[in-house]
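Novice: My questions will all concern the structure given below.
The values are calculated or read from the model by the stated rules, or taken from the named source; none is laboratory data. The structure displayed is predicted, hence computed values, not measured ones. Quick reminder, even Gly has a Cβ in these numbers, built from the backbone with ideal geometry, and neighbours come from all protein chains shown.
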Amino acid sequence: MATVPEWVAGARPRTLPNSIVPVAIGTGVALGADAAVWWKAALAMVVALALQIGVNYANDYSDGVRGTDAERVGPTRLTATRLAAPRQVLVAAWACFAVAAVAGLVVALTSAWWLLLVGAAAIMAAWFYTGGKNPYGYHALGEVAVFVFFGLVAVVGTVFVQVGAAPWQGWAAAVAAGLLSCSVLVINNLRDIPTDSRTGKRTLAVVLGEAATRRLYIGCVAAAFAIAAAMAVANPWTLLALLAVPLALRPLRRVAGGQQGRDLVLGLGETGKMQLAFGVLFTVGLALG
């Protein structure tokens, strides 16, 4: 039986900003439009958090039973190390998806019925990232899914359920949020290139190669900050997001400097902190605008 700390470890807190930040940013856009609906924002946060934790458990289970986590440099996985039985991890994943489905159902029924389809697609994407017979995460499509669901869908969806529309600010902010969410996956997969290559897991990093993946990480981070700066033409307060630049420097140096293995584990944590700081500052700027 797994202990409580082991189950918490399976949620991988380094990746949780992927769900917190987009919903916060979307709520910032709604506040800027003087149209925030706090209970809907709270439910959107529940959906996003439950999906993020659920996909972490689902990945832990699927990679563990396939054996692709047998040699791992990163954070401990429950299934591969047998800290928890595979069935326990699987049940945890689907319990999280159920929580997301219930919260999403309430949001959809009080906003727009077609959001049910979006929610169903999000849950399917979460499972089939590494689950099923032909997971798309093994075919270099992980970053695309992260950009779509933890960027565009999370931010614009949060704006829509509160404002009733999707203004350009929501879409621009969604691109920035999606790029930072992608940066987390990119540095994670950069670290895992050697082990993923040996186990046949063809992530985008494996396909691109180490040098191009490092450039991709730098591009994602730089473009996110550039979008926040560009939005200052309409709302100068979005420049607040640039205060997070110092937190971006250390992981950028790690990646640009060619660091590998456990040094990139530290870079993953630093990327999460940078993403969270950017999200808080960007949210405040959008709200003040």
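Novice: Taking the range 82-131 only, how many residues are of a type outside the set (A, V, I, L, M, F, W, C), exposed (fewer than 15 other Cβ atoms within 10 Å of the Cβ) and either modelled with pLDDT under 90 or assigned to a helix (DSSP H, G or I) (or both)?
Specialist: Qualifying residue count, the range 82-131: 2.
Novice: Sticking with this structure for a sec: Can you confirm whether the range 176-187 contains a residue that is among the hydroxyl-bearing types (Ser, Thr, Tyr) and closer than 30 Å to VAL106 by Cβ?
Specialist: Scanning the range 176-187 turns up at least one residue that is among the hydroxyl-bearing types (Ser, Thr, Tyr) and closer than 30 Å to VAL106 by Cβ.
Novice: Considering only residues that are aliphatic (A, V, I, L, M) and at pLDDT 95 or above, which ones fall in the range 259-275?
Specialist: The answer is MET274, and nothing else.
Novice: Let me ask another. Out of all the residues in the range 22-44, which are among the aliphatic types (A, V, I, L, M) and either at pLDDT below 95 or assigned to a loop (DSSP other than H, G, I, E, B) (or both)?
Specialist: ALA33, ALA35, ALA36, VAL37
Novice: Shifting gears a bit: It is to be established whether one or more residues within the range 49-58 are crowded, with 24+ Cβ neighbours inside 10 Å and over 22 Å from PHE147 (Cβ atoms).
Specialist: no
Novice: Taking the range 255-289 as the region of interest, how many residues are under 18 Å from ALA212 (Cα atoms), free of Cβ contacts under 8 Å to residues at least 60 places away in the same chain and part of a helix (DSSP H, G or I)?
Specialist: 1
Novice: Examine the range 262-272 for a residue that is surrounded by 14 or more Cβ atoms within 10 Å (Cβ to Cβ), of a type outside the set (D, E, K, R) and touching a Gly at 6+ places or on another chain (Cβ under 6 Å), and state whether such a residue exists.
Specialist: Yes: one or more hits.
Novice: Let me ask something else. Output the helices (runs of 4 or more DSSP H) that fall wholly within the range 186-245 and possess 1 or more residues being without any contact (Cβ under 8 Å) to a residue 24 or more places away in the chain and buried (at least 18 other Cβ atoms within 10 Å of the Cβ), or say none.
Specialist: The helices (runs of 4 or more DSSP H) meeting that bar are 193-199, 204-208.
Novice: If you don't mind, another one. Please state which of the following conditions VAL207 fails to meet, knowing it meets all the rest: (1) in contact with a helix residue (DSSP H, G or I) (Cβ under 6 Å, 6 or more places away or on another chain); (2) under 22 Å from ASP63 (Cβ atoms); (3) among the aliphatic types (A, V, I, L, M).
Specialist: In the conditions (1) in contact with a helix residue (DSSP H, G or I) (Cβ under 6 Å, 6 or more places away or on another chain); (2) under 22 Å from ASP63 (Cβ atoms); (3) among the aliphatic types (A, V, I, L, M), VAL207 misses (1) alone.
Novice: Say we look at the range 273-289 and pick out the residues that are buried (at least 24 other Cβ atoms within 10 Å of the Cβ) and of a type in the set (A, V, I, L, M); which of these is nearest to GLY178 (Cα to Cα)?
Specialist: My answer is MET274.
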